[in-house]
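The values are calculated or read from the model by the stated rules, or taken from the named source; none is laboratory data. Keep in mind the model is a prediction, meaning the values are calculated, not measured. Don't worry about glycine lacking a Cβ; one is built from the backbone with ideal geometry, like all the others, and counts go over all protein chains shown.
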Amino acid sequence: MVALAFLTIASGADTGDIRLPDMGSPADAILSKSDEAQIGRQIMREFRKSGQVIEDPQVTEYINDIGHRIAAQTSNGDHDFTFFVIDDSRINAFALPGGYIGVHTGLLEATRNEDELAGVLAHEIAHVTQRHIARAIHASQRQSLLTTAMMLGVLLAGIAGGNSQVIQGGVAVAQGVAAQQQINFTRSNEFEADRIGIAALADAGFDPNGMASFFEVMSRQQTADLEMRAPEFLRTHPVTTDRVAEARNRARSLPRVLSDDTTNYGIAKARMLVERFDTAEAAVAYFESRDFDAQNDIERYGRAVAYQRAGRHLEASRIFEDLAEKDQKVIAYYIGLGQTQLALEQYDLGVQTFDRAVGLFPRNVPLVIHYGEWLLRLDQAKKAHTLLLDMMNNVAPTPEQVRLIARAASEAGEHAEAYYYLSEYELMTGNLVGGIGFLRQALALPDLQEIQRIRFHARIDFIREFITEEQLQQMHNTQPSGATARNDH
């Protein structure tokens with residue numbers, strides 16, 4: 001499916017969109033930043049459809065906080081980044097066109113500290129800022145853009161855990177192993193990503209040794225005789241002794257940074273660890289294997305989350321309450337406490353806990369998302385819609401979060417706004433025609449306010465500027481009769 005996403009973009013691209021590169025880079029002539037963004041959105045759409053993307057708002061928020069903290073030191077505002085977590089136990093991370101950077105759950109669990117995780121993210125960010133994907137395509141001048149894009153899609157599908165038979169078939173269609181070698185990041189790309197990433201680590205306040213430290217952990221896992229047993233990270237990012245040594249030397253040349261793991265790092269790892277087990281009982285057994293009094297706060301938090309998963313909300317609530325009293329700055333503790341209180345049907349207490357937390361941490365994404373979900377379960381859709389709208393007017397949401405506010409608006413009786421949010425969801429996932437379709441449904445509502453009608457028509461006009469002739473024809477073929485189609489001509 002990822003390969004098909006590339007084919008769709010490559011075959012349907014408007015040649016008039018090709019512009020002279022701003023900095024004279026030949027890579028732009030092959031794959032513009034606009035093309036990269038479109039390809040990235042298409043791949044992300046397929047990832048989300050496959051159910052591979054972890055939608056836990058606390059984990060997503062954490063990985064984006066770390067990623068954007070590093071990216072701020074490298075991109076100079078030239079690149080937009082989206083960081084996401086893939087449900088895959090293999091140890092790996094990867095960069096997609098358009099600044100989409102994926103981290104496997106296996107990698108998050110494998111890191112020993114936050115500096116190592118930051119080191120991997122810094123490396124992937126550097127691949128994006130240095131345009132390594134576009135440069136790799138430019139280097140393969142003898143291949144058509146169509147074939148190259150297809151091969152790139154196949155490889156990224158493999159990195160992200162796609163079906164091996166499908167991948168093998170795609171590789172054959174895309175001219176086999178020779179093309180793969182042309183697309184793979186070169187040795188110089190890897191060293192360049194290390195060099196830029198290490199500097200960004202230090203500038204962002206992380207220990208620059210974090211990258212080399214994680215490389216050493218991975219290299220120790222590699223076997224000399226069975227390449228297939230090597231961690232996935234080593235197959236997509238080959239680590240040599242020279243590379244580790246250079247990373248260490250480069251880190252030594254930078255000012256020493258003393259950093260401690262944040263609580264959110266431990267929370268993200270604990271949440272992924274709980275979900276890793278096949279059953280709730282297995283997760284509980286893991287965290288109960290160590291005496292409660294001997295556990296640190298993060299271990300106790302993981303224990304409480306495991307109890308939540310097992311439906312043992314009373315035990316979880318007691319732990320969350322103790323943690324929240326001990327450290328009132330950790331939002332995850334309030335979320336857990338509010339969730340368990342509501343699950344125990346202590347509705348007044350649960351709402352009070354969430355309201356207090358929202359007052360302390362206004363517009364915090366995970367907090368608002370979890371509270372909004374519970375408000376919908378409590379049939380308080382209007383309050384959920386107001387709360388979610390306030391957050392999303394100030395913080396860029398994910399597609400799944402936009403779907404949530406669409407549900408809140410619908411259940412609150414705000415049907416026109418619900419269609420508008422669903423339209424935005426389609427646009428965020430690359431379906432421009434679908435986005436216009438939902439706006440048309442909104443325009444067909446009998447009780448639509450005039451200000452909404454004007455806004456929706458203006459949005460359709462805006463979207464039409466970016467659709468291809470083929471999409472425009474598709475839109476006309478499904479065009480409804482009447483005044484709602486006024487702006488589609």
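The table for this structure:
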read-out: Elements of type helices (runs of 4 or more DSSP H) in region 279-380, at least 3 residues being among the charged types (D, E, K, R) and out of contact with any Cys (no Cβ under 7 Å at 6 or more places or on another chain); value: 297-309, 313-326, 347-360
read-out: Single residue of ILE436, ILE463 found to be within 26 Å of the chain's Cα centre (by Cα), surrounded by fewer than 22 Cβ atoms within 10 Å (Cβ to Cβ), within 19 Å of GLN42 (Cβ to Cβ) and assigned by TED's automatic domain parsing to the domain that holds ASN477; value: ILE463
read-out: Search result, residues across region 429-447 that are assigned to a helix (DSSP H, G or I) and without any contact (Cβ under 8 Å) to a residue 40 or more places away in the chain; value: LEU432, GLY434, GLY435, PHE438, LEU439, GLN441, ALA442
read-out: Flag for PRO362 being in contact with a Pro (Cβ under 6 Å, 6 or more places away or on another chain) and either among the small types (Gly, Ala, Ser) or under 30 Å from HIS415 (Cβ atoms) (or both); value: no
read-out: Residues of region 95-131 that turn out to be out of contact with any strand residue (DSSP E or B) (no Cβ under 6 Å at 6 or more places or on another chain) and over 19 Å from MET218 (Cα atoms), as a count; value: 9
read-out: Region 257-278 - residue that is in a loop (DSSP other than H, G, I, E, B) and not acidic (Asp, Glu) and, of those, farthest from THR340 (Cα to Cα); value: VAL257
read-out: Any hit, region 381-395, residues being among the aliphatic types (A, V, I, L, M), out of contact with any strand residue (DSSP E or B) (no Cβ under 9 Å at 6 or more places or on another chain) and surrounded by fewer than 16 Cβ atoms within 10 Å (Cβ to Cβ); value: yes
read-out: Residues within region 55-77 that are outside any helix (DSSP H, G or I) and in contact with a helix residue (DSSP H, G or I) (Cβ under 7 Å, 6 or more places away or on another chain), tallied; value: 5
read-out: Subset tally (residues that are basic (Lys, Arg) and in contact with a helix residue (DSSP H, G or I) (Cβ under 8 Å, 6 or more places away or on another chain)) for region 253-270; value: 1
read-out: Test for SER259: is it surrounded by fewer than 18 Cβ atoms within 10 Å (Cβ to Cβ), at pLDDT below 90 and not assigned by TED's automatic domain parsing to the domain that holds ILE91; value: yes
read-out: Of the criteria (1) over 26 Å from GLU109 (Cβ atoms); (2) of a type in the set (Lys, Arg); (3) surrounded by 14 or more Cβ atoms within 10 Å (Cβ to Cβ), which one ARG312 fails; value: (1)
